[in-house]
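Colleague: Here it is: the structure, laid out below.
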Amino acid sequence: MTIFVTGGAGFIGSNFILNWVENSQEKIINIDKLTYAGNLENLKSVEDNPNYLFVEGDIADNALIESLYKLHQPRALINFAAESHVDRSIHTPQDFIYTNILGTFNLLETSLRFWKALKDSEQKNFRFLHVSTDEVYGSLGKDDHPFLETNSYQPNSPYSASKASSDHLVRAYFHTYGLPVLTTNCSNNYGPFQFPEKLIPLCISNALTGELLPIYGDGMQIRDWLYVNDHCNAINRVLEIGSIGEVYNIGGCNEKTNIDVVKTICLILDELKPKLDRKSYEEQIKFIKDRPGHDRRYAIDARKIQNKLKWNPSETFESGIRNTIQWYLNNQTWVGHVLDGQYRQWIKKQYT
Ligand code: NAD
Ligand code: TYD
């Protein structure tokens, strides 16, 4: 049997593929357009594995996805492909509309055609799993209850609005056409292979190169952090035993302010890679202009997936962030390759 993943050269998708190849005998096919965020170096250790195949392509390309369905007849598709960075969505929202909305729409259309032509027993087993974000629910106040699956959608950035739109399309293809879909809405991930434009890898990388650690606004915004392997395990649970048409919120029960996260990174680096002058990395922290429309707090009530699918995260924030920092210290060549000309242009545009 075979499964498709889209966006498997990105941060979460590549972690998912590495786990899959290690733990399953089932073939996995990765369809990725290789945007700035897609990096085949993440998948070097599996590139010769007979159970893994990479196809360079766009999820919005109807002919390509249709031909791949005909050729490989997968039992499931997991959609990781997206434009995923809020700050970039503020500069270039059109890329987000294209991939997150039109791309997902094309996957739904091609999946529906493929699924309709299957035999009854194969139709029953097919799954379309859409990987989404908690940001679709908007921003919480300090004392609000964490996001439940039943919360209304109140997206505030072009990124979250485009993901919200894709979630609605996925829901509609279940209710209108019966396509067996599953949707997951997860909190902020961190871990190996994350592109250093997001808070945690940006701060680790900047700390080591002696650059500033930029904190937007007052740094008191709250995110719920989940180690990426825990997210991958949750997706596997949902794929195998989730009820079709259902939405599952995934979170780590690790609410932290941004300033706390960055100070924790500094403390661990002070221990693992002390500076020659013995000063703390904290001295590199700099508060800068806030992100427009910056959501104040995200938090997840993950009781549904915990109770119904018996999933629980295995990393605490303390163990996960330590693993992550150690991974970046051990993989400086990977970091060096990622920090190319294109990346530098982004940093200049965003931070000067
Ligand atoms: P990422 O930006 O690291 O990777 C996205 C991948 O999608 C890249 O490999 C890129 O090349 C590919 N891609 C982009 N446009 C494409 C297209 N049109 N066709 C084919 N491939 C395309 O993102 P990520 O952090 O790994 O996130 C994966 C998914 O998880 C996204 O849907 C995101 O919304 C969701 N999510 C992410 C987080 C997080 O904290 N990173 C949290 C919750 C949900
Ligand atoms: P980010 O990693 O971009 O994820 P998201 O916006 O999807 O939550 O940002 C996490 C938090 O860190 C968010 O509140 C914005 C903040 N942040 C900074 O303070 N400085 C930065 O340089 C970046 C990239 C993010």
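Colleague: Give me the angle, in degrees from 0 to 90, between the Cα long axis of helix 62-72 and the longest principal axis of the Cα atoms of the chain, rounded to the nearest 10.
Modeller: The answer is roughly 70 degrees.
Colleague: For region 234-239, just list the computed ³J(HN,Hα) in residue order, Karplus coefficients 6.51, -1.76 and 1.60, θ = phi - 60°, integers in Hz, with x standing in for Gly and Pro.
Modeller: Each residue's phi maps through the Karplus curve to give 5, 4, 4, 4, 5, 4 Hz.
Colleague: Sticking with this structure for a sec: Please report, for the Cα atoms of region 103-172, the Rg to one decimal and the Dmax as a whole number; what are they, in angstrom?
Modeller: Taking only Cα atoms of region 103-172, I get Rg and Dmax of 15.6, 51 Å.
Colleague: Here is a follow-up. Is there a pair in 27/308; 142/198; 289/348; 289/349; 263/286 whose C-alpha atoms are over 18 Å apart, and which pairs would that be?
Modeller: Flagged as over cut-off: 27/308; 142/198.
Colleague: Relative contact order of the chain, please, whole-number percent, based on alpha carbon pairs below 8 angstrom and at least 6 residues apart. List each step's numbers first, then the result.
Modeller: Values: 624 pairs, mean separation 59.2, N = 352.
So the answer I get is 17 percent.
Colleague: Could you bin all the Cα-Cα distances of region 1-147 into 5 Å bins starting at 0 and give me the percent of pairs in each, rounded to whole numbers?
Modeller: 2, 9, 18, 20, 18, 14, 9, 5, 3, 1, 0
Colleague: Under a 5 Å amide H to amide H cut-off, with H placed in plane at 1.01 Å, what residues pair with residue 76 once short-range neighbours are removed?
Modeller: It is 4, 127, by chain and number.
Colleague: Just to be sure I understand: if I project the alpha-carbon convex hull of the chain onto a plane and average over all orientations, what area do I get in nm²?
Modeller: 17.0
Colleague: Taking every pair of distinct Cα atoms and averaging 1/r, then inverting, what Kirkwood hydrodynamic radius in Å comes out for region 92-132? Intermediate results must be reported in sequence, preceding the final value.
Modeller: Values: mean 1/r = 0.0863 Å⁻¹.
Hydrodynamic radius (Kirkwood, Cα pairs) of region 92-132 is 11.6 Å.
Colleague: OK, next. Hey, what do the phi angles of region 303-312 turn into as Karplus ³J(HN,Hα) couplings, whole Hz, using 6.51/-1.76/1.60 and θ = phi - 60°, x for Gly and Pro?
Modeller: Per-residue couplings from phi come out as 5, 5, 5, 5, 7, 7, 10, 6, 9, 9 Hz.
Colleague: Which order, highest average first, do 224-232, 25-33, 98-106, 315-323 follow once you tally other Cβ atoms within 10 Å for each residue and take the mean per peptide?
Modeller: Per-residue Cβ counts within 10 Å, averaged per peptide and sorted highest first, yield 224-232, 98-106, 25-33, 315-323.
Colleague: Roughly how much of residue 247 is accessible, in Å² to the nearest 10, using a 1.4 Å probe?
Modeller: The accessible area comes out at roughly 40 Å².
Colleague: Right, another one. Starting from a Cα-only point model with no solvent, please compute log10 I(q)/I(0) by Debye for region 232-282 at q = 0.30, 0.31 1/Å.
Modeller: The Cα Debye sum returns log10 ratios of -1.08, -1.12.
Colleague: Quick one: pull the percentage of alpha-carbon pairs in region 75-207 with a separation above 20 Å. Before the final figure, lay out the partial values.
Modeller: On the way: 4564 of 8778 pairs.
Here the long-distance tail beyond 20 Å is 52 percent of all Cα pairs in region 75-207.
Colleague: Something else: What is region 246-326's relative contact order, in percent, from Cα pairs under 8 angstrom and six or more apart in sequence?
Modeller: With pairs under 8 Å counted, the relative contact order is 50 percent.
Colleague: I would also like to ask the following. Roughly how large, in nm² to one decimal, is the mean projection of the convex hull of the alpha-carbon atoms in region 199-352?
Modeller: Over all viewing directions, region 199-352 projects a mean Cα-hull area of 10.9 nm².
The values are calculated or read from the model by the stated rules, or taken from the named source; none is laboratory data. Note that the structure is predicted; figures quoted are calculated from it, not measured. Please note: Cβ atoms are built from the backbone with ideal geometry, for glycine as well, and neighbour counts cover all protein chains shown. SASA here: full protein model, heavy atoms, side chains in, ligands and nucleic acids out. Shrake-Rupley method; radii C 1.70, N 1.55, O 1.52, S 1.80 Å.
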